[in-house]
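Only one structure is covered here, and it is reproduced in the block below.
We did not get these values from a lab; they are worked out from the coordinates using the rules stated. This one's a predicted model, so the numbers in the text were calculated from it and none came from an experiment. Please note: Cβ atoms are built from the backbone with ideal geometry, for glycine as well, and neighbour counts cover all protein chains shown.
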Amino acid sequence: MTVTEVTESALRIIESIETVIVGKREAVELTVAGFLSGGHILIEDIPGVGKTMLAKTLAKSVGGSFKRVQFTPDLLPADVTGSSVFNQVEGCFIFREGPIFANVVLADEVNRATPKSQAALLEAMEEFQVTADGVTYELPRPFFVMATENPIEYEGTYSLPEAQLDRFIMRVSLGYPCAEDEVEILTRQIKRHPIEEVSPVLPEGEAERLQVTVRDVFLEESIKQYIVDIVGETRDHPDLDLGASPRGSLALMRCSQAVATIDGRDYVRPEDIKRVAVPALAHRTIVKSEQSIHGLRARRVIEEILRKVPAPTV
């Protein structure tokens, strides 16, 4: 499969999603880029802006299976990964797969579950497998987790630990639609929801091939150094307690490869790095408490770093 073919397939996925998600091209493209890069997406936004619909539409567009896990305080790890049950007929225990066994998994309101249940996602997201009772089970490919988080409500929630946040290749936000787009949303849903008309735009098995081909996108040595310089600045910045790890560098590289592919190129430009730097790095950093009190956020720090680090001429 060529990069041109991947670009065409990616644009078909984006167009399919936009029949449901109106006026959010940048968020849709970043979500598709996260899927193509083989990572996972955290969507942090208020209720009702289309987070669940985005996950469902993506799953239907790529022809993959979809499962939803509603994270609540009483959720157990086995409710996510699955558990062994005794088969009385055969006289042995058999493993019953949990909802994590799907191509696209929506972890809805992931911060409402206890840290123990949140941790049930760690192995699956990083190693694409689940271990239960000493036995390892491979997850279906492609495997893509979309977790949602409400940034407004904190009562009855558990903050995601840094190790969990670091597993998400990007954090994106949809936000409110403009008045014109909201009118269009009403128009499309007068009789039925447009997701009912969404159908797969990829042949069976092609989604995984797309992810493999994206990794062939070329990065010149100066581009790799640019990525390392940006991530290195997060570790030395005076306003940050925690900078991005090498996983952040890898995320920045994979995301830039994906957006370059969507843009129809087989090479990465500095503009690709700048485009994905905030969604790929901001959630991996921790702003010092005294700075946070004064309203300084990780997004502003990453934007400052992008202005400071000179971009290479490629």
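At a Förster radius of 25 Å, what calculated FRET efficiency corresponds to the Cβ-Cβ distance of ILE46 and GLU196, to the nearest 0.05? Using R0 = 25 Å, I get an efficiency of 0.50. The sum of -39500 (n - 2.57) across all DSSP H runs of n ≥ 4, divided by the residue count of the chain, sets its helix-only mean residue ellipticity at 222 nm to -12500 deg cm²/dmol.
Evaluated at q = 0.14 Å⁻¹, the base-10 log of the normalised Debye intensity for the stretch 1-147, with identical point scatterers placed on the Cα atoms, takes the values -0.71. Farthest towards the positive end of the charge dipole of the chain, among the residues THR234, VAL3, SER37, is the Cα of THR234, using unit charges on the Cβ of Lys, Arg, Asp and Glu. Annotation for LYS116 and GLU138: the two label points, set 7 Å from Cα along the Cα-Cβ direction, are 3.2 nm apart. Amide H contacts under 5 Å for PHE144: VAL104, VAL105, restricted to partners 5 or more places along the chain or on a different chain, H placed in the peptide plane at 1.01 Å from N. Taking amide H atoms as placed 1.01 Å from N in the peptide plane, the amide H of SER84 lies under 5 Å from those of ARG96, each 5 or more residues away in sequence or on another chain.
Applying a DSSP loop filter and a limit of 16 other Cβ atoms within 10 Å to the chymotrypsin sites (Phe, Trp or Tyr not before Pro) in the stretch 72-129 leaves PHE128. Farthest toward the positive end of the dipole of the stretch 1-191, out of ALA179, PHE168, PRO151, is the Cα of ALA179, where the dipole comes from beta carbon charges about the Cα centre. Rg and Dmax of the stretch 189-247, based on Cα coordinates, read 20.7, 55 Å.
Using 0.36 nm per residue and subtracting the Cα-Cα separation, the extra length available between ALA163 and LEU242 on full extension is 27.2 nm. Placing +1 on the Cβ of every Lys and Arg and -1 on the Cβ of every Asp and Glu, with no other charges, gives the stretch 190-314 a dipole of roughly 340 debye about its Cα centre. For the stretch 67-205, a Kirkwood hydrodynamic radius built from all Cα pairs, placed in the Stokes-Einstein relation at 20 °C and 1.002 mPa s, yields a translational diffusion coefficient of 122 µm²/s. Start at zero, step by 5 Å, and the Cα-Cα distances of the stretch 242-283 spread as 5, 28, 31, 20, 11, 4, 1, 0 percent across the bins.
The coefficient of translational diffusion for the stretch 217-314, derived via Stokes-Einstein from the alpha carbon Kirkwood radius under 20 °C and 1.002 mPa s, stands at 159 µm²/s. Here the dipole of the chain is about 160 debye; that uses its Cα centre as origin and unit charges on the Cβ of Lys and Arg (positive) and Asp and Glu (negative). Backbone geometry of the stretch 225-232 corresponds, through the Karplus equation with coefficients 6.51, -1.76 and 1.60 at θ = phi - 60°, to 3J(HN,Hα) couplings of 5, 4, 4, 5, 5, 5, 5, x Hz, x marking Gly and Pro.
The GluC sites (Glu not before Pro) of the stretch 196-259 meeting both criteria, a DSSP state outside H, G, I, E and B (loop) and at most 10 other C-beta atoms within 10 angstrom of the site's C-beta, are GLU204. Using a Gaussian network model of the chain in which every pair of alpha carbons under 10 angstrom is joined by a spring, one finds that among VAL198, VAL259, VAL28 the greatest mean-square fluctuation is at VAL198. In this label model, GLU126 and GLN189 are separated by 3.8 nm, measuring between points 7 Å along each Cα→Cβ vector.
Cross-linked pairs LYS51/LYS191; LYS60/LYS191; LYS224/LYS274; LYS24/LYS288: Cα-Cα separations exceed 25 Å for LYS24/LYS288.
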